[in-house]
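*Asks:* To start, I am sharing the structure in question, which I have written as structure tokens.
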Amino acid sequence: MQNPTILAIDTSCDETSVAVTKGLVVWSNVIASQVELHKEYGGVFPTVAKQAHKENIAPSIELALKRAGIGWAEVDAIAVTQGPGLAPALEIGIKKAIELAETYDKPLIAVNHIEGHVLSVLAERRRKIAGSSPSGVTSLQIPAQFPVLAIIVSGGHTEFILVEEIGKYKRLGWTIDDAAGEALDKIGRMLDLGYPAGGVIEQFAKHGDLNKYQFPLPMTSSHDYNLSFSGMKTFARRLIERTESQHPLSKQDIYDFCASLQYAVFRHITHKLNKILHDYQNLGQVWLGGGVAANINLRATIRQTLKEVAQPQPLLLKTPYSKKICGDNAAMIGVVAYFKFIKQEFVTNPKNLDRKPRWKIDLV
Ligand code: KG4
Ligand code: ZN
């Protein structure tokens with residue numbers, strides 16, 4: 001079977017997402033967002049997430065099938081995120097996937113959520129060809145020369161991953177405290193920018209002066225590729241307190257603050273990226289995924305770094321085809337499942353499939 005049709009589920013955090021993919025092509029990608037529910041906590045509250053997943057999962061499955069225009073007979077396998085993520089949230093998706101696999105007698109595929117972000121750049125838009133039905137097929141060619149460097153920047157993770165081939169990964173560096181998106185959200189909360197704050201910070205930064213405040217550049221003397229964002233939080237808190245003790249923050253102060261903060265977060269990432277590019281001169285491509293990858297300024301900053309660092313050939317930065325594919329979504333889980341389907345990597349005993357809340361990508 002060249003292009004298996006997969007129904008994929010992701011309930012790792014605060015989005016209940018269900019997608020239908022065929023090969024690498026996304027036929028539908030439903031996301032029931034819980035952002036409104038978690039706003040008052042300024043972050044994801046696990047028991048609230050669990051309850052919302054319970055309510056949203058069945059209608060999301062129905063909608064994903066409807067949007068794809070298919071029935072259960074056309075589904076070749078069920079895929080589900082097994083981890084990492086919030087244990088109570090993962091539980092809902094896994095339970096549902098086990099139930100569906102049994103009821104409809106389909107093979108079950110367990111997917112690592114971070115592998116989903118890594119391969120999200122390979123997802124393809126479903127194109128409608130004039131006068132015919134959607135093509136929905138994919139070229140089985142993966143247009144990349146391995147190894148590839150994947151950079152995952154989200155609210156839960158910030159990692160540099162070496163993709164030796166699809167299914168074979170090595171974590172080169174990761175954040176030792178907060179994720180980049182988490183730091184943006186927490187600092188955004190200090191400024192009452194709402195939750196999540198990353199997108200707002202990107203918009204406000206456009207009107208600000210990035211040189212106004214000098215955020216510290218962390219971990220410059222460490223020889224590894226790890227990252228740390230908690231110092232920026234402390235710096236931000238002190239800066240806000242100091243400024244507010246002198247005068248109320250003006251709109252322009254907030255714009256300047258956002259521009260300086262965003263610059264610092266991305267400069268920290270590209271500083272470590274620079275190190276990796278010097279040490280790994282055989283990279284074929286660089287892939288960017290995760291919610292923060294939707295940020296145009298991050299993409300430009302990374303592209304600039306790739307241009308500056310001498311490589312035998314210019315390195316291409318590949319990003320997901322839409323912002324929706326950057327953040328948490330089930331289509332990326334379907335993409336991973338496609339490769340596992342080809343290798344017939346099915347869960348042998350679906351009833352015993354359990355959550356792996358801390359599952360590292362190099363252990364897939
Ligand atoms: O991947 P994602 O949807 O969920 C996790 O797995 O964490 O990422 C959510 C994160 C949030 O921290 C949010 O503030 C950030 O992505 N984000 C952005 C932008 N859009 C979303 N950060 C910066 N710029 C954006 N445009
Ligand atoms: Zn994620």
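*Asks:* Let me confirm something: among K356, K324, K340, which residue is touching a residue at least 60 places away in the same chain (Cβ under 8 Å) and over 24 Å from E124 (Cβ atoms)?
*Replies:* Values: K324 fails: over 24 Å from E124 (Cβ atoms); K340 fails: over 24 Å from E124 (Cβ atoms).
That would be K356, the only listed residue that is touching a residue at least 60 places away in the same chain (Cβ under 8 Å) and over 24 Å from E124 (Cβ atoms).
*Asks:* Hey, another quick one. Select from region 41-57 the residues that are open to solvent by less than 50 Å² (accessible area, probe 1.4 Å) and free of Cβ contacts under 8 Å to residues at least 40 places away in the same chain and list them in ascending order.
*Replies:* V48, A52
*Asks:* Output the number of residues of region 316-334 satisfying the condition of being closer than 15 Å to V111 by Cβ and more than 14 Å from ligand 2 (Cβ to nearest atom).
*Replies:* 1
*Asks:* Something else about it: With (1) in contact with a strand residue (DSSP E or B) (Cβ under 8 Å, 6 or more places away or on another chain); (2) without any contact (Cβ under 8 Å) to a residue 24 or more places away in the chain as the list, and Y280 as the residue in question, which single condition is left unmet?
*Replies:* Tallying (1) in contact with a strand residue (DSSP E or B) (Cβ under 8 Å, 6 or more places away or on another chain); (2) without any contact (Cβ under 8 Å) to a residue 24 or more places away in the chain, Y280 fails exactly one: (2).
*Asks:* Within region 317-324, is there a residue that is touching a strand residue (DSSP E or B) at 6+ places or on another chain (Cβ under 9 Å), open to solvent by 20 Å² or more (accessible area, probe 1.4 Å) and away from ligand 1 (no atom under 16 Å from the Cβ)?
*Replies:* Residues of region 317-324 that are touching a strand residue (DSSP E or B) at 6+ places or on another chain (Cβ under 9 Å), as a first pass: 317-322, 324.
Still in the list and also open to solvent by 20 Å² or more (accessible area, probe 1.4 Å): 318-319, 321-322, 324.
From the residues that got through so far, the ones that are away from ligand 1 (no atom under 16 Å from the Cβ) too are 318.
The answer is yes, given that some residue of region 317-324 is touching a strand residue (DSSP E or B) at 6+ places or on another chain (Cβ under 9 Å), open to solvent by 20 Å² or more (accessible area, probe 1.4 Å) and away from ligand 1 (no atom under 16 Å from the Cβ).
*Asks:* A follow-up question, please. Looking only at residues in region 173-189 that are among the hydrophobic types (A, V, I, L, M, F, W, C) and open to solvent by 60 Å² or more (accessible area, probe 1.4 Å), which one is farthest from L149 (Cα to Cα)? I'd like the intermediate steps shown before the answer.
*Replies:* Kept after step one, since they are among the hydrophobic types (A, V, I, L, M, F, W, C), are these residues of region 173-189: 174, 176, 179-180, 183-184, 187.
Among the residues that remain, those that are also open to solvent by 60 Å² or more (accessible area, probe 1.4 Å) are: 174, 176.
On the way: W174: 13, I176: 19 Å.
So the residue we want is I176.
*Asks:* Same structure, new question: Give me a count of the residues in region 328-340 that are open to solvent by 20 Å² or more (accessible area, probe 1.4 Å) and out of contact with any Ser or Thr (no Cβ under 7 Å at 6 or more places or on another chain).
*Replies:* 2
*Asks:* Next up: Do we find that F235 is within 22 Å of H207 (Cα to Cα), within 16 Å of ligand 1 (Cβ to nearest atom), part of a helix (DSSP H, G or I) and not polar (S, T, N, Q) in this structure?
*Replies:* No: the conditions fail for F235.
*Asks:* Could you check region 14-40 and list, in sequence order, the residues that are open to solvent by 40 Å² or more (accessible area, probe 1.4 Å) and hydrophobic (A, V, I, L, M, F, W, C)? Break it down stepwise before answering.
*Replies:* From region 14-40, those open to solvent by 40 Å² or more (accessible area, probe 1.4 Å) are 22, 27, 31, 33, 36-37, 39-40; that's our starting set.
Matches in region 14-40: W27, I31, L37.
*Asks:* Look at Y195 and say whether it is among the aromatic types (F, W, Y), in contact with a helix residue (DSSP H, G or I) (Cβ under 6 Å, 6 or more places away or on another chain) and near ligand 1 (Cβ under 10 Å from one of its atoms). Give the derivation first.
*Replies:* Working: among the aromatic types (F, W, Y): yes; in contact with a helix residue (DSSP H, G or I) (Cβ under 6 Å, 6 or more places away or on another chain): yes; near ligand 1 (Cβ under 10 Å from one of its atoms): yes.
When the stated conditions are applied, Y195 passes them.
*Asks:* Further question on the same structure: Scan region 298-305 and tell me whether some residue there is open to solvent by less than 20 Å² (accessible area, probe 1.4 Å) and within 16 Å of the chain's Cα centre (by Cα). Show your work before the answer.
*Replies:* Just the residues of region 298-305 that are open to solvent by less than 20 Å² (accessible area, probe 1.4 Å), to begin with: 298, 302, 305.
Of the ones still in play, those that are also within 16 Å of the chain's Cα centre (by Cα) are 298.
Yes, the conditions are met somewhere in region 298-305.
*Asks:* So which strands (runs of 3 or more DSSP E) are wholly in region 9-86 and hold at least 2 residues that are of a type in the set (D, E, K, R)? Break it down stepwise before answering.
*Replies:* Working: elements: 15-22, 25-33, 77-83.
It comes to 15-22.
*Asks:* Here's another thing I want to ask about it. Just one of the numbered conditions (1) within 16 Å of ligand 2 (Cβ to nearest atom); (2) open to solvent by 60 Å² or more (accessible area, probe 1.4 Å) is not true of D279; which one?
*Replies:* Among (1) within 16 Å of ligand 2 (Cβ to nearest atom); (2) open to solvent by 60 Å² or more (accessible area, probe 1.4 Å), the lone unmet condition for D279 is (1).
*Asks:* Tell me whether region 183-203 contains one or more residues that are within 16 Å of ligand 2 (Cβ to nearest atom), touching a strand residue (DSSP E or B) at 6+ places or on another chain (Cβ under 8 Å), under 23 Å from K323 (Cα atoms) and at pLDDT 95 or above.
*Replies:* No, that holds for no residue.
*Asks:* So which residues in region 133-172 are surrounded by fewer than 22 Cβ atoms within 10 Å (Cβ to Cβ), more than 16 Å from ligand 2 (Cβ to nearest atom) and either at pLDDT 95 or above or assigned to a strand (DSSP E or B) (or both), if there are any at all?
*Replies:* Hits for region 133-172 are F146, P147, L162, E164, E165, I166, G167, K168, K170, L172.
The values are calculated or read from the model by the stated rules, or taken from the named source; none is laboratory data. The structure presented is a predicted model; accordingly, all values stated were derived computationally and were not measured. Note: ideal-geometry Cβ built from the backbone for every residue, glycine included; neighbour counts use all protein chains shown. All accessible areas refer to the heavy atoms of the entire protein, side chains included, with ligands and DNA or RNA removed. Shrake-Rupley method; radii C 1.70, N 1.55, O 1.52, S 1.80 Å.
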